[in-house]
1. On a C-alpha basis, how far is the centre of region 65-116 from the centre of region 361-397 in Å? Whole number, if you could?
2. Contour minus end-to-end for Ala2 and Gln325, with contour as 0.36 nm per residue of separation and end-to-end as the Cα-Cα distance?
3. Which distance in nm do the two modelled labels at Asp209 and Asp388 give, with both placed 7 Å along the Cα-to-Cβ direction?
4. Any idea which of Leu111, Leu320, Ala262 is furthest toward the positive side of the dipole for the chain, if Lys and Arg beta-carbons carry +1 and Asp and Glu beta-carbons -1?
5. Students often check this: by mean Cβ neighbours within 10 Å, which of 321-327, 268-274 ranks highest, and how do the rest follow?
6. Can you compute the FRET efficiency between Asp240 and Lys35 using 1/(1 + (r/R0)^6), with r the Cβ-Cβ distance and R0 = 45 Å? Round to the nearest 0.05.
7. Read phi for every residue in region 123-137 and hand back ³J(HN,Hα) as whole Hz from Karplus 6.51 cos²θ - 1.76 cosθ + 1.60, θ = phi - 60°, with x for Gly and Pro.
8. When Lys and Arg each count +1 and Asp and Glu each count -1, what net charge do the other residues less than 11 Å away from Val198, Cβ to Cβ, add up to?
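Where a number appears in this text, it was derived from the coordinates with a stated rule and is not lab data. Because the structure is a prediction, the values reported are computed rather than measured. Glycine gets a Cβ as well: all are built from the backbone with ideal geometry, and neighbour counts include every protein chain shown.
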Amino acid sequence: MAVQIVKPRIRGFICTNAHPVGCQTNVLNQIGEIKQGIPQKETGMNALVIGASTGYGLASRIALTWAYGAKTLGLLYERPADARRTATAGYYNTAAFHQQAATDGFYADSLNGDAFSHEMKAEAINRLKVDFGKVDTVVYSIAAPRRIHPNTGASHGSVLKPISAPYTGKTIDLNREAVASVTIEPASPQEITDTIAVMGGEDLEMWVDALADAELLAPEVTVVAYTYIGSSLTWPIYRDGTIGRAKDDLKARVDTLDERLANQLGGRAYISVNKAVVTQASAAIPVVPLYISILYDIMNAKGINEAPIGQMKRLFSEHLGPGLQPQLDAERYIRLDDRELQPEVTDAVTERWEQIDTDNFHELSDYAGYRRRFRNLFGFEVEGVDYDEAVETELVF
């Protein structure tokens, strides 16, 4: 037992601790949104969620559980608490998920380790064989900074850089809370290759191969991975940069998987293009915090903004739920970024982007909301939580 008062330790885009009750409240709020938003069905489906502890992966797991009664196996890579520090937010999220799933009578299991490794794939396959059976839905939602390749042992690190030419643009200096200019030098060929190795589609392909070899893919199985395209303001550093090159690799591999699954099992593989959201990963991308601060101010005023749970509510109630046929664009993407990319939204964002500076960025953006949402990720500044109360930090799931 480790009971203590937990205060945030934050600098810039890094938070080194988390609040267990705040994280639990976040999870319960997401569960409540699904309960209110999708009429529950008992489908008997099994779901594997690879990257299940935060963001879109956690929201997917919540939607599949409380909307469709799915049995879920979640894969995560999170640090438990020890004598010196709290657990990570993803660890506390998972503990809260398990607690509420058990209370509501849903079966859930989780494995904590490196999902890129052959060992974790083997452990997941064994757990599925023993406790689940064939998988109806595979969700792939990993955003990792590094991958140790399971075949070669090589270490690959992803970078957020432009390609071919330097990029200069506006960003928020999160430590000074000021608008600043940032110049990012272009990636080397090796950095592009490494980023594709981490953020591309090879690992998803390995997962599907392993599940197929173990005969654990159900007839008409659905595989879905997530990506982001965004507006042209972020393209130099994102869509046209190293991450965009990795996402092109993901798209090519998912299209190949789709054809293969359709021929072999009547299954499908899709990519859902989601909207910009506040995550620890996105906070580290120059340009993006400022872009999201402006975007959210405009989308909130129009009443069309969505958190990850709102996006996943739409995904699984309108596109990928049992018996549904997803609406696809010409490139075979599911587009959940449609509200972000409405012309009146993108035009307004671009207009403010050109005007914004340190003197006016609080008026032209929702930076206060961005900062609050960032802290919410770690269980801080969550409404209804008493941060002066000591809490148990060494939880298990």
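1. Computed from Cα coordinates, the inter-centre distance equals 20 Å.
2. Working: separation 323, 0.36 × 323 = 116.28 nm, distance 4.85 nm.
Going from the current span to full extension adds 111.4 nm.
3. So the label points at Asp209 and Asp388 sit 5.8 nm apart.
4. Leu111
5. On the way: 321-327: 13.1, 268-274: 23.0.
Final packing ranking: 268-274, 321-327.
6. On the way: r = 40 Å, r/R0 = 0.90.
In this case the efficiency is close to 0.65.
7. For region 123-137, the Karplus-derived couplings read 5, 5, 4, 4, 5, 5, 4, 7, 10, 10, x, 5, 9, 8, 9 Hz, x marking Gly and Pro.
8. Numbers: positive: Arg146, Arg147; negative: Glu191, Asp194, Glu202, Asp203, Asp249.
Charge balance near Val198 sits at -3.
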